[in-house]
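Q: Take this structure, written in structure tokens, and hold onto it; I'll ask about it next.
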Amino acid sequence: MPPDRDTEPPGPKLALVIAVAGAWAVSFATAAGARADGGEAPSPGRSRAAGSPAEPLPVREREVTEIEVTDRDRTSASGDARASSRVTRAELEERLPRSAPDALRWEPGVYVQQSGHGQGSPYLRGRTGQQTLVTFDGIRLNTSTWRQGPNQYFFTIDAQSVHAIEVTRGGASTLHGSDAIAGVIDADPLEPRLDLEADGPRVRPRTSLRWASADSDFSHRFQLDTQWSQDVRALVGVGRRHAGRLESGGPVRSPTTGAIPQVPAFERDGRTQLGTGFSELTGDARLVTATSPRTRAVAAVYAYREYDAPRTDQCPPPFAPRSECLEYDEQFRSLAYVAHEGDLGALARESKLALSYQRQHERRTLDRPLSFVRNLWRDDVDTFGVTAKLGTAHAPLGGRWRGRLTYGADAYHDDVGSQAWTEFTDLGIVLPLSRGQYLDGGSYSTGGAYLAPEVSWNDRVVVRWGGRVGLAAAAAPGDPSSGSRPVDDAWLTLAGHAGAEWRVIADHLALVATWDRSFRAPNLDDLTSRQQSGPGFQFENPALAPERADTFEVGVRGRGDAFEVDAWAFRSVMHDSIARAFRSAAECPPATPQCLLSWSRFQLVNTRGASIIDGFELSARASPIAAVSVRGTLSYAIGSGPNPAARPADPALAYAERVPLSRIPPLNGTAETRWAPTPATWLGGGVRWATRQDRLAPTDTRDPRIPEGGTPGFVAIDLRAGWRIRRALILGVVLENVGDAAYRYHGSSVNGPGRGVIASVESGL
Amino acid sequence: MYSSRSILAALLLAAAPACEGDDPAATDTHLDAGDGGGTACEADRALVPVEETGCAPAATDYRPRDQGSATDTWPACISDDDTYHVVEPSIGALGRVAAFEELAARLGFGGTKVPSPQDFLDARVIYTQPEGIESRVVRREDEHFPAAPMACRDMTATEQATYPDRCVGPVKILPILNAAFQAGIDGVDPVGNASKIEGALLWFFYVSIFKEATSAAAAAKDCDSMWAKYTGGTQRDEAPAGFGRYVLARSRTAHDRVIDGLLAVRCWRDLDNPSGAAANLALRDQARLQLDTALLRGIALVVRQRVQTLPCDGAWESTKILAGVLDREAAARDPGSASALREEFAKSADAVDAARVIAALDALFPCS
């Protein structure tokens, strides 16, 4: 552990920097608030809260091993100023989730939707896809082709290579830029172990095997954790996985008619779901070198390769023959970056400078063998990124006041390639189409700079505020043969936050209130894509403007020797929200027969009026008696927005000015208990539950993933046991869904696994 | 820009466990645009609409043209203004009718041209668009026949073959279309294969209209699909597209009777719990029978007129297919006449006794 550098006097220069930055940020936040209020200056009452995610930046102290369980594991990387939670490596080992999204099912405010067995999309506070930001080791993973609603990309993080996953709920664009409207999910990778007692090279092999009965999912990972010296370490891992068709607890029926929905289709046993199963290859390498006693450099490569992963609601599509299937033949993501991080002095006590490259690659096939036709697509996004995130030391500002400044800048640039073909397999004919899902050759840039000061008084009251100036630009060539207009647009984007934390009882009880203004600039999916989405065919709108969200939240945080309690209530008000509006066949773009042919057609539009989500989250953890711990969460959100459809000409047709927002999760929660009869063993279980969700958006009623009348509630119970012999051996077993419930997370194509067993063995040095 | 991207990607993938697959190699699709054989005969060139007199609707028929349904037995309903009112503004079936008309132009339905292999390839692209006509052909069941133990789409090909009449789309219509497109692209008998495609698609639309009238009991919006598949989205006095175009060209009366039938189904659905599941299936069946009777009369008129143009490459194959569509009802009404039709259409085009066919059709499928 490095010494506590925060106690060192930083000198007057730092205080001056904080003062100037603070003044700038105040004026900026005021301006941002004025925009939200339609030009009026915000009243103090409205700008009532602050909350700067004062993220501690990577330094050597975070170099823990993948199985080490420390107090840090339960400490939010966002500090305690925001609604956040963290899934630790130890929890992953005990819960044995199937994927990175699956690992978040026990977190408050998170609801995981799956359009495919090999896909998963975490909803934060009722929003997902483009409106949540996913990062890996702080590197932005969102690209300009991420879709409205759920997408599969968080699934492309190998949970086996992750040390922890941090979830920050609520807007966070000040620090993270576009898309961080509903929150940020950051995967924290495994680090090579630092052994301070080693005086020579060390090599520690490690292997893990996992098997699940519900889908015959077999995976294994092998890794080498090497330490050449105390200054140079590396961790290299490879993994392989194959999952078969997923057996559920049976069909989930419509709560109103009792009918079995078209999605998913089942084998004749009525339990095993067609359109499930996939294969994976993963590889990662992480090299860490000390560049000074307080800084280090990291070079890392992460590769994820998923093969033959059907989209369950399109395999087969509703009402189609069972032989039809839309499958992701290749869902690849490759991430490489170099970073320098650590203590660069008083003005950058914490720092992280990173250069990154990510390639997202998809190849899809819609196979219709009865007619000897296949539709093929390939979409690639190459993202180049540069980020600088820095934080000063805490500086005395006079009297009992102290201050600190977080600041930084980032920029990401995407190049998009997109192609499509039609193949007639009986004649061996392959026809290229004029455009793919996106416009080939499109590019997108997003970035900005920010300041986020923090001032505390007597360590009892902390005031945080900040602001970001961002810029996003999109360009794409037109395609006259498909009537696709070119795109060339840019948006200046502003974000800000302000808030306060009152530590009523030091280290035990705190009250937090924050206001955050976050944004999302339209991306290339909004501006250029044409695609068959769940509820219908969606086509582009090159004239979209950014959407902005004001999030107001209040929280209570209690901590004791044997308990933790967090309670948060929030209101998220979205302006110019980008939503799907119904379109008639006459409004389809030219030369787009699939639009004309679809049951429903949509175009993204900026809605007039505010879209509002209200909700709350509760989480509690306690150890009422020695060796026993319990944990519970409760989450609720309700959302409504202006009806994106125009009022029909026929007054006899029903029309509502405001409608529910799409796929908002129902009231849901979890409860877990754990008993450790010895330090090496654990026994326990968990319950996940959700109530029925029948508040449906107009598009939800046409979405075959949602049963008629809504998604019924459920209760799924898991039992767990395990044995951990320090680092040498970890055995874990989960009896999942012991009640064999037939259940589905709202909006999913896939029903949850039926009764089954997941077993895991991990061993090594 | 792309090369630098590729270099970076290559550097990255060198450290990765697997690489991206290759793009499919595009085929040189400049197929022979010339004459693939056969001759155009324009089977519908001298088409003269039939003057129909003495037609008598059934006593239970819905008749919106007659004083706004005031003289029939039906209660007042949404269709009484003789206008089809859509249930929902968005109707995907309209796109499939538009696709049919594109195919008709590309392939010269009715023998108006000798389509080239490229025409067949372009037509197949239209036909196989996702959510297009092909997507419905492969799932289509004929509701005239008893339901199978499970939906045809859930059966194996072998199981479907056990229910060929019910599983009409995958078992009967689809093979005709697949073979005709394949042969047409190969340059074999272009006029004949275009005619097969025409006949198979009209069969598909006929079965589909009846199916939508049936399934409207569960989903009222299926009325819209029914209406669209016959009219192409037009009202009575407008020029229809698709199936309706064929019928109107041969008889105004027959076309009006089909429109009456469509409005009858819409009327029933308006009267029968329009926002939920229908309960009055007796009234549904009454409306559906009125519609089906009119549709069969329309098909009979197409067959009747096409037989008169024989021998004609552009008419024969479609005529044989449509005559087969009539067989079920013909056998139910008069087995003798049905047998006569079967005998004639088992012959070659130049050996058909057109007078015998016309006599049988007029007896079996009179105007109403």
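Q: With respect to A:ALA622, is the statement that it is touching a residue at least 60 places away in the same chain (Cβ under 8 Å), crowded, with 19+ Cβ neighbours inside 10 Å and assigned to a strand (DSSP E or B) true?
A: No.
Q: Do you know which residues across the stretch A:312-325 are surrounded by fewer than 24 Cβ atoms within 10 Å (Cβ to Cβ) and closer than 17 Å to A:LEU246 by Cα?
A: A:ARG322, A:CYS325
Q: Got at least one residue in the stretch B:272-284 being in a helix (DSSP H, G or I), buried (at least 20 other Cβ atoms within 10 Å of the Cβ) and more than 14 Å from chain A (Cβ to nearest Cβ)?
A: Yes, the stretch B:272-284 contains a residue that is in a helix (DSSP H, G or I), buried (at least 20 other Cβ atoms within 10 Å of the Cβ) and more than 14 Å from chain A (Cβ to nearest Cβ).
Q: Residues to consider are A:SER600, A:SER611; find the one that is crowded, with 19+ Cβ neighbours inside 10 Å, more than 13 Å from chain B (Cβ to nearest Cβ) and of a type in the set (Ser, Thr, Tyr).
A: A:SER611 is the lone residue from the list that is crowded, with 19+ Cβ neighbours inside 10 Å, more than 13 Å from chain B (Cβ to nearest Cβ) and of a type in the set (Ser, Thr, Tyr).
Q: Next question, about the same structure. Can you find a residue in the stretch B:213-224 that is closer than 29 Å to B:LEU281 by Cα and of a type in the set (Lys, Arg)?
A: Checked the stretch B:213-224: at least one residue is closer than 29 Å to B:LEU281 by Cα and of a type in the set (Lys, Arg).
Q: Right, something else. Anything in the stretch A:551-581 that is of a type in the set (A, V, I, L, M) and within 14 Å of chain B (Cβ to nearest Cβ)? List them, or say none.
A: Listed by number, the list holds a single entry, A:ALA581.
Q: Follow-up question, since we're still on this one. Here are some conditions: (1) surrounded by fewer than 21 Cβ atoms within 10 Å (Cβ to Cβ); (2) within 30 Å of A:PRO624 (Cβ to Cβ); (3) under 24 Å from the mean Cα position of the chain (by Cα). A:GLY560 meets all but one. Which one does it not meet?
A: Only one criterion is unmet by A:GLY560, namely (3).
Q: Checking the structure you have, find out if any residue of the stretch B:88-104 is within 12 Å of another protein chain (Cβ to nearest Cβ), without any contact (Cβ under 8 Å) to a residue 12 or more places away in the chain, within 21 Å of the chain's Cα centre (by Cα) and farther than 29 Å from B:GLN286 by Cα.
A: No: the stretch B:88-104 contains no residue that is within 12 Å of another protein chain (Cβ to nearest Cβ), without any contact (Cβ under 8 Å) to a residue 12 or more places away in the chain, within 21 Å of the chain's Cα centre (by Cα) and farther than 29 Å from B:GLN286 by Cα.
Q: Now for a separate question. So which residues in the stretch A:423-458 are more than 33 Å from the chain's Cα centre (by Cα), more than 14 Å from chain B (Cβ to nearest Cβ) and at negative phi, if there are any at all?
A: Answer for the stretch A:423-458, where residues must be more than 33 Å from the chain's Cα centre (by Cα), more than 14 Å from chain B (Cβ to nearest Cβ) and at negative phi: just A:TRP457.
Q: Shifting gears a bit: Would you check if there is a residue in the stretch A:743-752 being more than 30 Å from A:PHE602 (Cβ to Cβ) and in contact with a strand residue (DSSP E or B) (Cβ under 8 Å, 6 or more places away or on another chain)?
A: No, that holds for no residue.
Q: Output the number of residues of the stretch A:438-481 satisfying the condition of being under 19 Å from A:ARG140 (Cβ atoms) and of a type in the set (S, T, N, Q).
A: Residues meeting the conditions: 3.
Q: In the stretch A:582-596, what count of residues is obtained for those that are within 12 Å of chain B (Cβ to nearest Cβ) and in contact (Cβ under 8 Å) with a residue 12 or more places away in the chain?
A: Total satisfying the criteria: 10.
Q: Determine, yes or no, whether B:ALA183 is part of a helix (DSSP H, G or I), within 11 Å of another protein chain (Cβ to nearest Cβ) and within 18 Å of B:VAL114 (Cα to Cα).
A: Against the criterion (part of a helix (DSSP H, G or I), within 11 Å of another protein chain (Cβ to nearest Cβ) and within 18 Å of B:VAL114 (Cα to Cα)), B:ALA183 qualifies.
Q: With the checklist (1) closer than 17 Å to A:ALA543 by Cα; (2) modelled with pLDDT of 95 or more; (3) of a type in the set (D, E, K, R) in hand, flag the one item A:GLU454 doesn't pass.
A: (1)
Q: Pick from the stretch A:371-385 the residues that are at the interface with chain B (Cβ under 9 Å from one of its Cβ atoms) and aromatic (Phe, Trp, Tyr): which of them is farthest from A:ASP426 (Cα to Cα)?
A: The extreme case among them is A:PHE384.
Yes/no per residue for (1) within 14 Å of chain A (Cβ to nearest Cβ); (2) of a type in the set (A, V, I, L, M); (3) surrounded by fewer than 19 Cβ atoms within 10 Å (Cβ to Cβ); (4) in a loop (DSSP other than H, G, I, E, B):
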position	(1), (2), (3), (4)
B:ARG106	yes, no, no, no
B:PHE109	no, no, no, yes
B:ALA123	yes, yes, no, no
B:GLN129	yes, no, no, yes
B:PHE145	no, no, yes, yes
B:ALA179	yes, yes, yes, no
B:VAL188	yes, yes, yes, yes
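Q: Within the stretch A:181-206, track down each residue that is surrounded by 15 or more Cβ atoms within 10 Å (Cβ to Cβ) and farther than 30 Å from A:TRP515 by Cα.
A: Correct list: A:PRO189, A:LEU190, A:GLU191, A:PRO192, A:ARG193, A:LEU194, A:ARG202, A:ARG204, A:ARG206.
Q: Which residue out of B:THR53, B:THR29, B:THR71, B:THR60 is part of a loop (DSSP other than H, G, I, E, B) and at pLDDT 95 or above?
A: B:THR60
Q: When the residues of the stretch A:663-712 are narrowed to those that are basic (Lys, Arg), at pLDDT below 95 and part of a loop (DSSP other than H, G, I, E, B), which ends up farthest from the chain's Cα centre (by Cα)?
A: Among those residues, the one meeting the criterion is A:ARG705.
Q: Are any residues in the stretch A:200-222 closer than 15 Å to A:PHE278 by Cα and either assigned to a strand (DSSP E or B) or free of Cβ contacts under 8 Å to residues at least 12 places away in the same chain (or both), and if so, which ones?
A: Residues satisfying the conditions are A:TRP211, A:ALA212, A:ASP217, A:PHE218, A:SER219, A:HIS220.
Q: Out of all the residues in the stretch A:127-141, which are in contact with a Pro (Cβ under 8 Å, 6 or more places away or on another chain) and closer than 11 Å to A:ILE181 by Cα?
A: Once the filter is applied, which keeps residues that are in contact with a Pro (Cβ under 8 Å, 6 or more places away or on another chain) and closer than 11 Å to A:ILE181 by Cα, the stretch A:127-141 yields A:THR128, A:GLY129, A:THR132.
Q: Identify the single condition in (1) at the interface with another protein chain (Cβ under 7 Å from one of its Cβ atoms); (2) assigned to a loop (DSSP other than H, G, I, E, B) that B:GLU134 does not satisfy, given that it satisfies every other one.
A: All conditions pass for B:GLU134, except number (2).
Q: Which of the residues that make up the stretch B:42-99 are surrounded by fewer than 17 Cβ atoms within 10 Å (Cβ to Cβ), within 30 Å of A:CYS595 (Cα to Cα) and hydroxyl-bearing (Ser, Thr, Tyr)?
A: B:THR83, the sole residue that qualifies.
Q: Still on this structure, I have one more. When the residues of the stretch A:470-499 are narrowed to those that are out of contact with any Pro (no Cβ under 6 Å at 6 or more places or on another chain) and not small (Gly, Ala, Ser), which ends up nearest to A:ALA411 (Cα to Cα)?
A: Taking the candidates together, the pick is A:LEU471.
Q: Residue by residue through the stretch A:371-392, note down the ones that are over 26 Å from the mean Cα position of the chain (by Cα), crowded, with 21+ Cβ neighbours inside 10 Å, within 30 Å of B:GLU131 (Cβ to Cβ) and not small (Gly, Ala, Ser).
A: A:VAL373, A:LEU376
Q: Continuing with the same structure: Could you check the stretch B:312-362 and list, in sequence order, the residues that are under 19 Å from B:CYS41 (Cβ atoms) and small (Gly, Ala, Ser)?
A: B:GLY314, B:ALA315, B:SER318, B:ALA323, B:SER348, B:ALA349, B:ALA351, B:ALA354
The values are calculated or read from the model by the stated rules, or taken from the named source; none is laboratory data. Just so it is clear, the structure is predicted and the values come from calculations on it, not from any experiment. Every residue, glycine among them, receives a Cβ derived from its backbone with ideal geometry; neighbour counts consider all protein chains shown.
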